[in-house]
């Protein structure tokens, strides 16, 4: 677990800087894994969890959402991440309904 936490600060800026689909997918995968490891729902990112908690007025949302927003240099990052989580879930559902 400590190695996962050590890699996130490296992977996320690398993914954002290079805009490589591979780096973006790997960093998203680590993000979702860490979220699940800490009790999140399947497919939910840490940012999405923080945004949802903030929207619901929970203490963890009021603490973590501003920190994540600051790190990502976007004051609405966590709110946007909720929509990203929903869009990825819908894409999986649409893909799953295609005939083999």
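Roughly what would the spin-label model give for residue 63 and residue 16, points 7 Å off Cα along C-beta, in nm?
Between residue 63 and residue 16, the simple spin-label model gives 2.2 nm.
Rg/Rh for region 24-74: what does it come to with C-alpha atoms and Rh from Kirkwood? Walk me through the numbers before you get to the answer.
Numbers: Rg = 10.8 Å, Rh = 11.0 Å.
Rounded to two decimals, Rg/Rh equals 0.98.
All of the numbers you see were taken from the coordinates with simple rules; none came from a lab. Remember, predicted model here, so these are calculated numbers, not experimental data. Note that we place each Cβ from the backbone using ideal geometry, even for glycine, and neighbour counts take in every protein chain shown.
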